[in-house]
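Structure, as structure tokens:
Laboratory data are not the source of any read-out in this text; all were calculated from the coordinates shown. Remember, predicted model here, so these are calculated numbers, not experimental data. Cβ placement follows ideal geometry from the backbone for every residue including glycine, while neighbour counts extend to all protein chains displayed.
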Amino acid sequence: MTPYGVPRVACSKRVQMAARIILIAALLALASSRALAFDPSPLQDFCVADYDSKVSVNGFACMNAKDVTVDDFYFTGLDKAASTSNELGANITLVNVERLPGLNTLGVAMSRIDYAPFGLNPPHSHPRSSEILHVAEGTLYAGFVTSNTAQGNLLFAKKLNKGDAFVFPRGLVHFQFNNGDIPAVAFATFGSQSPGLVTAANALFGSKPPIPDYILARPAQLSKTTVDWLQEQQWLDIAQENGPPSVQAN
Ligand SMILES: *[C@@H]1O[C@H](CO)[C@@H](O)[C@H](O)[C@H]1NC(C)=O
């Protein structure tokens, strides 16, 4: 018997039971944190990105809080149309953590997208974020394609008018096309400080170094000559940063 009158056997059983409960709780916590694996939650009010830090972390290290100023949370110029004089007729002004240091650890970002008449934001995906798009001017034909389901890759696409919003689920290939003869403007909001961008055609045909042509020819049902020709083309990235701080996340 222990000093408290509890038999030792019962005590060790209780310890075993407690250990089991802790293990199950830990596994559940792990499973749910995987299921909710978006940007991690902040552990403080803010953690303004210190672009000069040599510390390698997931995102950017925090600037010393006493050096933080209001301008670390501020971005201007989203009232201005970016030039759409390029072969796609579109231009994206991205406001992510690389451009706005105060976004670090906050799990949000946005962009302004300008479309010339019949301009196209080509099929692409954001590996780290869903997106909600608001049409501020003009009309767009926008849509996304599901992953490989039993019914195939399903297209969900629709004509959007000024004042409409549309959601692109995280990681799925999506696009917007200005189907009108006047310029269009949209604003996108993301659930990540750095949603990431994979432009489908650029990733397949514009990689450096190129993917071997026999790897692309069979799945794309193209001849190797066509693949070679595609790989020789310039693959435009219309989401290039076009303002101040242009730095890479660790
Ligand atoms: C996007 O717009 C900016 C600002 O007008 C311009 O400097 C940049 O060259 C444009 N990018 C493309 C790809 O057209």
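Before moving on, here are some points about what is shown:
- Burial ordering of Arg218, Arg112, fewest other beta-carbon atoms within 10 Å first: Arg218, Arg112
- Computed from phi, the 3J(HN,Hα) profile of region 103-112 under the Karplus parametrisation 6.51, -1.76, 1.60 (θ = phi - 60°) reads 6, 3, 6, 8, x, 9, 7, 8, 8, 9 Hz, with x in place of Gly and Pro.
- DSSP-loop chymotrypsin sites (Phe, Trp or Tyr not before Pro) across region 57-140, with at most 14 other Cβ within 10 angstrom: Tyr74, Phe118
- Distance (nanometres) between label positions extended 7 Å along Cα→Cβ at Leu236 and Asn86: 0.7
- For region 34-152, a/c is not less than 1.5, where a ≥ b ≥ c are the root eigenvalues of the C-alpha gyration tensor, and a/b does not top b/c. That puts it in the oblate class.
- Length added when fully stretched, Leu43-Ser207, from 0.36 nm per residue minus Cα-Cα: 55.3 nm
- Whole-Å semi-axes of the ellipsoid equivalent to region 65-232 (Cα gyration tensor, √5λ, descending): 30, 21, 17
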